[in-house]
1. Within the range 60-110, how many residues are closer than 20 Å to GLY18 by Cα, part of a helix (DSSP H, G or I) and aliphatic (A, V, I, L, M)?
2. Can you tell me which of (1) in contact (Cβ under 8 Å) with a residue 24 or more places away in the chain; (2) surrounded by fewer than 13 Cβ atoms within 10 Å (Cβ to Cβ); (3) part of a helix (DSSP H, G or I) is the one PHE29 doesn't meet?
3. Would you pick out the residues in the range 32-41 that are open to solvent by 40 Å² or more (accessible area, probe 1.4 Å) and either assigned to a helix (DSSP H, G or I) or closer than 30 Å to GLY106 by Cα (or both)?
4. Would it be correct to say that VAL57 is surrounded by 10 or more Cβ atoms within 10 Å (Cβ to Cβ) and without any contact (Cβ under 8 Å) to a residue 40 or more places away in the chain?
5. Which residue, of LEU75, LEU44, LEU71, LEU15, is touching a helix residue (DSSP H, G or I) at 6+ places or on another chain (Cβ under 7 Å) and open to solvent by less than 90 Å² (accessible area, probe 1.4 Å)?
6. Only one of these is modelled with pLDDT of 95 or more and surrounded by 11 or more Cβ atoms within 10 Å (Cβ to Cβ): PHE9, PHE85. Name it.
Amino acid sequence: MTAAAGTPFDAVLLLSFGGPDGPDDVRPFLENVTRGRGVPPERLDAVAEHYFHFGGVSPINALNLDIIDRLRAALAAAQIDLPVFFGNRNWHPMVEDTVAEMYAAGHRHV
């Protein structure tokens, strides 16, 4: 894949922290966030309650998807042909998977 005309890049990657998409995701998400830090399960349960007040959904997900839609539209309006990818540090889509997908598609200048 070659870089878009006028840019040194061949793709855009939006990185984010990530957040749960529903109640079943809350505990696994919190375990990802705190992995290796020895956070007691009781503390995770207490933090999980904050997410459950909002249906177990983090608002960051919808905000990121809106940003991506707006970025794609702005790039298209400027006639810049760059694919936009999305990866999170702590939840799906995980950045490691997104980078592997980008690499497999031939993107090297992100």
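1. Result for the range 60-110: 11.
2. The one condition PHE29 does not meet is (2).
3. Filtering the range 32-41 for residues open to solvent by 40 Å² or more (accessible area, probe 1.4 Å) gives 32, 35-41.
ASN32, PRO41, listed by residue number.
4. Values: surrounded by 10 or more Cβ atoms within 10 Å (Cβ to Cβ): yes; without any contact (Cβ under 8 Å) to a residue 40 or more places away in the chain: yes.
So VAL57 passes the test.
5. Values: LEU75 fails: touching a helix residue (DSSP H, G or I) at 6+ places or on another chain (Cβ under 7 Å); LEU71 fails: touching a helix residue (DSSP H, G or I) at 6+ places or on another chain (Cβ under 7 Å); LEU15 fails: open to solvent by less than 90 Å² (accessible area, probe 1.4 Å).
Just one listed residue meets the conditions, LEU44.
6. Working: PHE9 fails: modelled with pLDDT of 95 or more.
Exactly one of PHE9, PHE85 is modelled with pLDDT of 95 or more and surrounded by 11 or more Cβ atoms within 10 Å (Cβ to Cβ), namely PHE85.
The values are calculated or read from the model by the stated rules, or taken from the named source; none is laboratory data. Computed from a prediction, not measured in an experiment: that's the story for all the values here. A quick note on method: Cβ atoms are made from the backbone with ideal geometry, for glycine too, and the neighbour counts reach across all protein chains shown. Side chains included, ligands, DNA and RNA excluded: accessible areas come from the protein's heavy atoms. Shrake-Rupley method; radii C 1.70, N 1.55, O 1.52, S 1.80 Å.
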